[in-house]
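**Student:** I'd like to ask you about the structure that follows.
Read the figures in this text as sums done on the coordinates, not as results from a lab. In this text, all values refer to a predicted model and were calculated from it rather than measured experimentally. Quick reminder, even Gly has a Cβ in these numbers, built from the backbone with ideal geometry, and neighbours come from all protein chains shown.
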Amino acid sequence: MLDLLVYNASLPDGRSNMGLAVQDGRIVELAAGLTSASAPAHEQLDAQGQLISPPFVDAHFHMDATLSYGLPRVNQSGTLLEGIALWGELKPLLTEEALIERALAYCDWAVAKGLLAVRSHVDVCDPRLLAVQALLEVKRRVAPYLDLQLVAFPQDGVLRDPQGLDKLQRALRMGVDVVGGIPHFERTMAEGARSVSLLCELAANEGKLVDMHCDESDDPLSRHIETLAFEAQRLGLQGRVTGSHCTSMHSMDNYYVSKLLPLIAQAGVSVVSNPLINITLQGRHDTYPKRRGMTRVPELLAQGVTVAFGHDCVMDPWYSLGSADMLEVASMGLHVAQMTSQAAMRQCFDAVTSSPAKILHLDGYGLEKGCHADFVLLQARDCVEALRLRATRLKVYRRGRLLAETPAATATLHLSGRAGHTAWQPQSPPGSALGINP
């Protein structure tokens, strides 16, 4: 007998009336028409035509800073540079216990939203490596229910500090997974390019993945993504390198970009855009017209580049909002990039599920036979509806075990002559056969 059977489900690829059978934490069958009669199970779930999705994945986050909003003060200008300065003021005041407490609280939020894998950059500029210690402990604690991948991130620039490289290497030896960098924050463009080469060589020697903050600027001449793509090719790191943000591409000359995009694709470099934060922090020096400041997502996708959307920040020195909702992230990306065709909206859904899973090299991810039984039941019939509604996560499963559930969102109308009579679920317009329960 199966451990779990989910039947009458819709899938992101458009298939409906699907059954998903789980045994020992794995998907052992995925087929149309599976029912309790044909596949008996200890636990059965009728999806009622709702969408089963693989878990949400955040390919770019800063968990060491999350939920620290207002400490030691509020970012009054709302700018990237004041946020960095604020983080510098806060670092000496941090304690390992507080870092762990805030990160664990965020992980609880994430699981409730069906977000079961996060790549978090962790600042390695503090000689104590306090944040590294804290997040390695968080990673250990959340391992049963959330995949946490850590990036050694030299927030102040790896070459600005004489001990910068040593501290980054110490973090890797402690167990951090990925080599990070921030070339546009080095003192000069040349130093930035040198940091990219140095860090990519380190990753190649250590067998590590690479994820660098690249060109998080409105400066069209900030072009470290070009150097990153070149180094990925030179060192044979194709498929193992990510450029995050890349907001300067929004302002670059179109002819230059026409050469840059194929280079990124040929180098097998992935890109992570962070729509909520990029649209908030960029364009601050503009009056009107004001640049959106997000990288060229549709154009990158058209070249075959793997593109993901990240949340980046939640209630920290850079961003006062957020709730671990990757559908909110995808919705902002959809609007800013004007990705409004049906196919493009599905790409936006992929950008918070399958695409970041590929970037993180997650093992056993997906809705296929043999994959881990990790999935989310959404109160929506398809991906586009899930984006439109920021659909309720009805149930969240990991390895076939229920982790979280949220009651369905419904509205009761109190209209003249119909008070308390009509209830409808938000995925359908009032009056539709699907939504009305007379």
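**Student:** For labels at K290 and D24 in the simple 7 Å Cα→Cβ model, what's the distance in nm?
**Tutor:** Going from the K290 label point to the D24 one covers 5.7 nm.
**Student:** For Rg/Rh (Cα atoms, Kirkwood Rh), the choices are (i) 1.07; (ii) 0.96; (iii) 0.99; which was calculated from the structure?
**Tutor:** It is the one labelled (iii).
**Student:** Run the numbers for T412 and S16: contour at 0.36 nm per residue of separation, minus the present Cα-Cα distance, in nm.
**Tutor:** Result for the pair: 139.7 nm of gain on full extension.
**Student:** What FRET efficiency, computed as 1/(1 + (r/R0)^6) with R0 = 22 Å and r the Cβ-Cβ distance, is obtained for R141 and W109, rounded to the nearest 0.05? Kindly include the intermediate steps, with their values, before the conclusion.
**Tutor:** Numbers: r = 15 Å, r/R0 = 0.69.
Working from the Cβ atoms, E equals 0.90.
**Student:** Can you tell me which of 88-97, 202-211 comes out highest on packing, and rank the rest after it, using the mean Cβ neighbours within 10 Å?
**Tutor:** Details: 88-97: 13.5, 202-211: 18.6.
Most protected by this proxy first, the peptides run 202-211, 88-97.
**Student:** Now, a different point. So what's the gap between the Cα centers of the stretch 1-44 and the stretch 181-204, to the nearest angstrom?
**Tutor:** Result: 48 Å between the Cα centres.
**Student:** A follow-up question, please. Per residue and in cubic angstrom, what volume does the convex hull of the Cα atoms of the stretch 47-170 have?
**Tutor:** On the way: hull volume 15.6 nm³, N = 124.
Enclosed volume per residue, from the Cα hull, is 126 Å³.
**Student:** Next question. What order, most packed first, do the peptides 410-416, 118-124, 329-335, 364-370 have when packing is the mean number of other Cβ atoms within 10 Å of each residue? Could the numbers behind the result be given before it?
**Tutor:** Details: 410-416: 10.1, 118-124: 28.1, 329-335: 23.1, 364-370: 15.7.
The densest-packed peptide leads the list: 118-124, 329-335, 364-370, 410-416.
**Student:** Additional query: Determine, for each peptide in 319-325, 11-17, 389-395, the mean count of other beta carbons within 10 angstrom over its residues, then list the peptides with the highest first.
**Tutor:** Values: 319-325: 18.7, 11-17: 14.4, 389-395: 21.6.
Per-residue Cβ counts within 10 Å, averaged per peptide and sorted highest first, yield 389-395, 319-325, 11-17.
**Student:** For Y256 and R187 in the same chain, what is the full-extension length gain: residue separation times 0.36 nm, less their Cα-Cα distance, in nm?
**Tutor:** On the way: separation 69, 0.36 × 69 = 24.84 nm, distance 2.41 nm.
Between Y256 and R187, full extension yields 22.4 nm more.
**Student:** How big, in percent, is the set of alpha carbon pairs in the stretch 268-392 lying more than 17 Å apart?
**Tutor:** Values: 4694 of 7750 pairs.
Roughly 61 percent, rounded to a whole number.
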